[in-house]
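The values are calculated or read from the model by the stated rules, or taken from the named source; none is laboratory data. As the structure is a prediction and not an experimental result, all values here were calculated from the model. Cβ sites come from the backbone with ideal geometry, for glycine too, and all protein chains shown count toward neighbours.
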Amino acid sequence: MERSVCLSPQEKEQLLSYFETQVMQVLNWLAAFSPDEEGGITRLLYTEGWLETQLALAEKMAGCGLKTEFDHVGNLFGKLQGEDLDAPSIITGSHIDTVVQGGMYDGAYGIAAGLLALDYLQRQFGKPKRTLEIVSLCEEEGSRFPMAYWGSGSIVGKRNFEQIVHLQDSYEVFFADAMQRCGFGEGTGRDSRRSDIGAFIEVHIEQGAVLEKEGIAIGVVDTIAGQRRLKFEVIGEANHAGTTPMHMRRDALEGVSVMIQALRQEAVRIGAPLVATVGRLQVQPNVPNVVPGKVVFTLDARHDDEQALDSFCQWVMKEFTSLAAQRQLAIHGTEWFREEPVPMNDKLKKKMDDVCGKLAISSKRMVSGAGHDAQMFEHLCPTAMLFVPSRSGISHSPEEYTEPRDLAVGVLVLTELLYRLGYEGEEL
Ligand code: HGY
Ligand code: MN
Ligand code: MN
């Protein structure tokens, strides 16, 4: 019979209230780094605030008795060395970067949970059989540069330095320069590639409203949806707003507004779990008395079925091209990001189900519409992910919130899972 970390309801309650205070302390401490004066947190890859946070986290990990190390792209690891030096590591963690004006839980919670779990386990049980590690992944969101999953992708071999050579942020700062300014880059430290990872477990807020609506404490992620991210340029003709008759205009913004309407109608017609978002739109010259000559905008499309996602994107290209042609507009669409849907590891999912059962914690299997580092790690090692509820499903916003008790439940389940894998050496 597998032993649980906390054997009685009293011990479970005690552990939950301990984790409740601790997780809020760590999250509030992390949230103080790179606050955005407009609200929320903006912690973008290779900025000063990002570096300050990673360095402070390294100190905190060391303070918990973990051996810390950065790899050469800025992923930060805290290691609790196991007895069996040949056994692959069990790693938990998430990303430290955020979206612009993001919340204080997305990514940060997975790091806080891992830190608390490792700290508790080593104080209670000493040295594990298998090495346990917490990782603060340097970047996942793709908020600063047109590159996402840079941290986890570098570890599993899906990201490399050639891919970033020409990348610039919206201030035309080169990716490589920003990386070097933080002391990272080729030849600055250990290569990110790892082949000694036995399992990766990510704890994350749901960023949706299913768990809250159904009153369930833990989501065991079945599959992480696939994503396509595209950039469109629509070119018309800038002209005088006062003297250009309506029928003589080649108004790029009017054309794009029709495209966005058509996009939404088609996405609604196809229905869930397909989602499509135009999140960024730049008008040129963007002044009130000039007919817009050019519009640059993004499309983010998701689905847990690769085929459905591909056919939706084909429809988009066809529809946008014909709408542009009807208005004598030129259009260029480029796909800059693609990840296929990734099912999580069956054995680990079943372990998570069992842990929740043994701890009398309600749980359900679910699809993740959000992308996560776990979908990278699954290409390398058995990977699983658990969610805790998000209030009204809000995320990527300063309004992002999860009850401390719900956060603590996620930490408890993670702790138990790491105990079984790390100390009892359960088969992966
Ligand atoms: O966009 C996403 O799905 C994730 O938050 N990066
Ligand atoms: Mn996010
Ligand atoms: Mn995230």
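Within the range 70-102, count every residue that is in contact with a helix residue (DSSP H, G or I) (Cβ under 9 Å, 6 or more places away or on another chain) and either within 16 Å of ligand 3 (Cβ to nearest atom) or outside the structural domain of Glu141 (by TED's automatic domain parsing) (or both).
Total satisfying the criteria: 8.
Kindly indicate whether any position in the range 335-344 is within 15 Å of ligand 3 (Cβ to nearest atom), among the charged types (D, E, K, R), assigned to a loop (DSSP other than H, G, I, E, B) and crowded, with 18+ Cβ neighbours inside 10 Å.
Within the range 335-344, none of the residues are within 15 Å of ligand 3 (Cβ to nearest atom), among the charged types (D, E, K, R), assigned to a loop (DSSP other than H, G, I, E, B) and crowded, with 18+ Cβ neighbours inside 10 Å.
Tally the residues that are within 16 Å of ligand 1 (Cβ to nearest atom), buried (at least 24 other Cβ atoms within 10 Å of the Cβ) and assigned to a loop (DSSP other than H, G, I, E, B), restricting the search to the range 112-143. Explain how you work it out, then say what you get.
Going residue by residue through the range 112-143, those that are within 16 Å of ligand 1 (Cβ to nearest atom) are 136-143.
Now restrict to residues that are buried (at least 24 other Cβ atoms within 10 Å of the Cβ): 136-140.
Subset that is assigned to a loop (DSSP other than H, G, I, E, B): 138-140.
So the answer is 3.
Take the residues in the range 29-76 that are in a strand (DSSP E or B) and in contact (Cβ under 8 Å) with a residue 24 or more places away in the chain; name whichever of them is surrounded by the most Cβ atoms within 10 Å (Cβ to Cβ).
As a first pass, look at the range 29-76 and keep what is in a strand (DSSP E or B): 35, 41, 67-71, 76.
Among the residues that remain, those that are also in contact (Cβ under 8 Å) with a residue 24 or more places away in the chain are: 41, 69-71, 76.
Numbers: Ile41: 27, Glu69: 15, Phe70: 21, Asp71: 21, Leu76: 23.
The extreme case among them is Ile41.
From the list Phe377, Phe312, exactly one residue is within 16 Å of ligand 3 (Cβ to nearest atom) and at pLDDT 95 or above. Which is it? Break it down stepwise before answering.
Details: Phe312 fails: within 16 Å of ligand 3 (Cβ to nearest atom).
When all the criteria are applied, what remains is Phe377.
With the requirement that a residue be of a type in the set (A, V, I, L, M, F, W, C) and over 18 Å from the mean Cα position of the chain (by Cα), what does the range 358-380 give you?
Once the filter is applied, which keeps residues that are of a type in the set (A, V, I, L, M, F, W, C) and over 18 Å from the mean Cα position of the chain (by Cα), the range 358-380 yields Leu359, Ala360, Ile361.
Yes or no: Lys318 within 23 Å of Gly271 (Cα to Cα) and either surrounded by 24 or more Cβ atoms within 10 Å (Cβ to Cβ) or touching a residue at least 12 places away in the same chain (Cβ under 8 Å) (or both)?
So Lys318 does not fit the description; no.
May I ask you to verify whether Gly242 is more than 30 Å from Gly153 (Cβ to Cβ), modelled with pLDDT of 95 or more and surrounded by fewer than 16 Cβ atoms within 10 Å (Cβ to Cβ)? Steps first, answer last, please.
Values: more than 30 Å from Gly153 (Cβ to Cβ): yes; modelled with pLDDT of 95 or more: yes; surrounded by fewer than 16 Cβ atoms within 10 Å (Cβ to Cβ): yes.
So Gly242 fits the description; yes.
Rundown of residues vs (1) surrounded by 16 or more Cβ atoms within 10 Å (Cβ to Cβ); (2) of a type in the set (S, T, N, Q); (3) touching a residue at least 12 places away in the same chain (Cβ under 8 Å), yes/no style:
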site: Ser322; (1), (2), (3): no, yes, no
site: Arg327; (1), (2), (3): yes, no, yes
site: His332; (1), (2), (3): no, no, yes
site: Lys351; (1), (2), (3): yes, no, yes
site: Lys364; (1), (2), (3): yes, no, yes
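Quick check: is even one residue across the range 168-189 without any contact (Cβ under 8 Å) to a residue 12 or more places away in the chain, assigned by TED's automatic domain parsing to the domain that holds Val23, part of a strand (DSSP E or B) and more than 28 Å from Asn289 (Cα to Cα)?
yes
Taking the criterion of being crowded, with 17+ Cβ neighbours inside 10 Å, modelled with pLDDT under 95 and not in a helix (DSSP H, G or I), would at least one residue in the range 95-104 satisfy it?
Taking every residue of the range 95-104 in turn, none turns out to be crowded, with 17+ Cβ neighbours inside 10 Å, modelled with pLDDT under 95 and not in a helix (DSSP H, G or I).
Out of all the residues in the range 70-127, which are β-branched (Val, Ile, Thr), more than 16 Å from ligand 2 (Cβ to nearest atom) and within 16 Å of Lys60 (Cβ to Cβ)?
Thr92 - this is the single residue of the range 70-127 that is β-branched (Val, Ile, Thr), more than 16 Å from ligand 2 (Cβ to nearest atom) and within 16 Å of Lys60 (Cβ to Cβ).
Among the candidates Gln207, Gln282, single out the residue that is loosely packed, with under 14 Cβ neighbours inside 10 Å and either in a strand (DSSP E or B) or of a type outside the set (A, V, I, L, M) (or both).
Every option except Gln282 fails the conditions.
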